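The values are calculated or read from the model by the stated rules, or taken from the named source; none is laboratory data. The shown structure was predicted, so the numbers you read here are calculated from the model rather than taken from an experiment. Here Cβ is always computed from backbone atoms with ideal geometry, including for glycine, and neighbour counts include all displayed protein chains.
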Amino acid sequence: MKPFPRTLLTLGLAVMPLLALSQAPPWPSKPIKAVVPFAAGAATDIVARAVLEQVSKQLGQPIIIDNKPGAGGTIGIGLVAHAEADGYTILVQSNSSAVIPSTYQNLSFDVAKDMVGVTALASVPMVLVTAPGKGVRSLPDFVKMAKVKPGSMNYASAGTGGATHLGAERLNMAAGMKGVHVPYKSSAEALTEVLAGRVDYYFSPIGLAAQHLKADKLVALAVSGKARSSALPDVPTSIEAGLPNSDYEVWIGMFAPARTPRSIVNRLNEETVKALRSPELREKFNTLVMDPMPMSPADFDAFLKKDIQLNAELVKAAGIEPN
């Protein structure tokens, strides 16, 4: 028998991976795991469940929420960053993704390099609130009062280095005022202290503060985004109220491991954006007082890099020491 030609053998070996790839089942062919680095019931978890329920229906596969809270979200992010990049493990995370690089040392992952953005999901409007007993009804009057006795006023947050902390720090720097930071374990606890008048001001998620604003138990001074919130149309943004560069955007987004095939990232983006534009999800977001925030993967990656830089500057200016 004549030996098998070497050229044909080489060609066969080269073609084998392509044949294996062509025989692989189309994505998705099994359930997808979505890691949420916060406890069930947190804003990120609520958004993840609302969006992924619709995406699951469109893809025809279950998407299982896996809550992995702890260490400021780094546990959950690390699990996805090191997961197999096959499209069956994704991450739904808040803008703390953009803060972690500046507030945590010796991480086993690099958010910008080890994760790829799929799309932003939601913008979470924040509102600066104070108690009626403080005697101010506008942001300019509030800033004037704060400057009378520099450092005499305090502000709450739902944790050092979080969105409610850095949003207030950005406002403080824009206004040129000082405040004493008082961190709490949750947004609800922080808001309770403001309601009682023991803390002077707080950037609260609008959904959490809404009932107290309607009952005139809180005063809304400004919203934190670049545009007014449809939930509080008469409340100006902090920029409109006279403080340039005071806006701070809180968002929730979807990520995948960096080596995930582009075809899968694009498909996941297309289905998620489709879900975000559906009437059902828009109605849910209105109830949650959040705004859909669809983006292309490229736009979301660029947005994340810019936000990492913004938060690095805030963390440094606020004197926050990395963990």
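What tally of residues in region 192-218 results from selecting those that are part of a helix (DSSP H, G or I), over 20 Å from residue 94 (Cα atoms) and not β-branched (Val, Ile, Thr)? Before you say what the answer is, go through the steps one by one.
Taking region 192-218 first, the residues part of a helix (DSSP H, G or I) are 192-195, 206-214.
From what is left, the residues that are over 20 Å from residue 94 (Cα atoms) are 192-195, 210-214.
When the remaining residues are screened for being not β-branched (Val, Ile, Thr), the result is 193, 195, 210-214.
So the answer is 7.
Any idea which of (1) surrounded by fewer than 14 Cβ atoms within 10 Å (Cβ to Cβ); (2) outside the structural domain of residue 305 (by TED's automatic domain parsing) is the one residue 159 doesn't satisfy?
(1)
(1) surrounded by fewer than 22 Cβ atoms within 10 Å (Cβ to Cβ); (2) closer than 21 Å to residue 223 by Cβ: which one isn't true of residue 122, the others all being true?
Of (1) surrounded by fewer than 22 Cβ atoms within 10 Å (Cβ to Cβ); (2) closer than 21 Å to residue 223 by Cβ, only one is false for residue 122: (1).
Look at residue 198 and say whether it is under 19 Å from residue 218 (Cα atoms) and at pLDDT 90 or above.
Working: under 19 Å from residue 218 (Cα atoms): yes; at pLDDT 90 or above: yes.
Here the answer is yes, as residue 198 does meet what is asked.
Can you find even one residue in region 98-111 that is in contact with a Leu (Cβ under 9 Å, 6 or more places away or on another chain) and under 11 Å from residue 256 (Cβ atoms)? Before the answer, list the steps.
The initial filter retains those residues of region 98-111 that are in contact with a Leu (Cβ under 9 Å, 6 or more places away or on another chain), namely 98-102, 111.
Adding the requirement that they be under 11 Å from residue 256 (Cβ atoms) leaves none.
No, there is no match, as no residue in region 98-111 is in contact with a Leu (Cβ under 9 Å, 6 or more places away or on another chain) and under 11 Å from residue 256 (Cβ atoms).
I need a count of the residues in region 100-139 that are charged (D, E, K, R), touching a helix residue (DSSP H, G or I) at 6+ places or on another chain (Cβ under 8 Å) and in the same structural domain as residue 309 (by TED's automatic domain parsing).
Within region 100-139, the subset charged (D, E, K, R) is 110, 113-114, 134, 137.
Within this subset, residues satisfying the condition of being touching a helix residue (DSSP H, G or I) at 6+ places or on another chain (Cβ under 8 Å) are 110, 114, 134.
Applying the additional criterion that residues be in the same structural domain as residue 309 (by TED's automatic domain parsing) yields 110, 114.
The qualifying residues number 2.
So, residue 178, is that one at pLDDT below 90, more than 26 Å from residue 252 (Cα to Cα) and either small (Gly, Ala, Ser) or not in a helix (DSSP H, G or I) (or both) or not?
Yes.
Which numbered condition in (1) in contact with a strand residue (DSSP E or B) (Cβ under 6 Å, 6 or more places away or on another chain); (2) more than 22 Å from residue 308 (Cβ to Cβ) is the only one that residue 207 fails?
The one condition residue 207 does not meet is (1).
Can you tell me which of (1) touching a residue at least 40 places away in the same chain (Cβ under 8 Å); (2) within 12 Å of the chain's Cα centre (by Cα) is the one residue 115 doesn't meet?
(2)
For region 236-250, what are the residues that are on the phi > 0 side of the Ramachandran plot and of a type in the set (S, T, N, Q)?
Quick first cut of region 236-250, residues on the phi > 0 side of the Ramachandran plot only: 242, 245.
Within region 236-250, just 245 meets the criteria.
Scan region 147-164 for residues that are part of a helix (DSSP H, G or I) and touching a residue at least 40 places away in the same chain (Cβ under 8 Å) and report the count.
As a first pass, look at region 147-164 and keep what is part of a helix (DSSP H, G or I): 147-148, 163-164.
In the following step, the residues that additionally are touching a residue at least 40 places away in the same chain (Cβ under 8 Å) were identified as 163-164.
Number of matching residues: 2.
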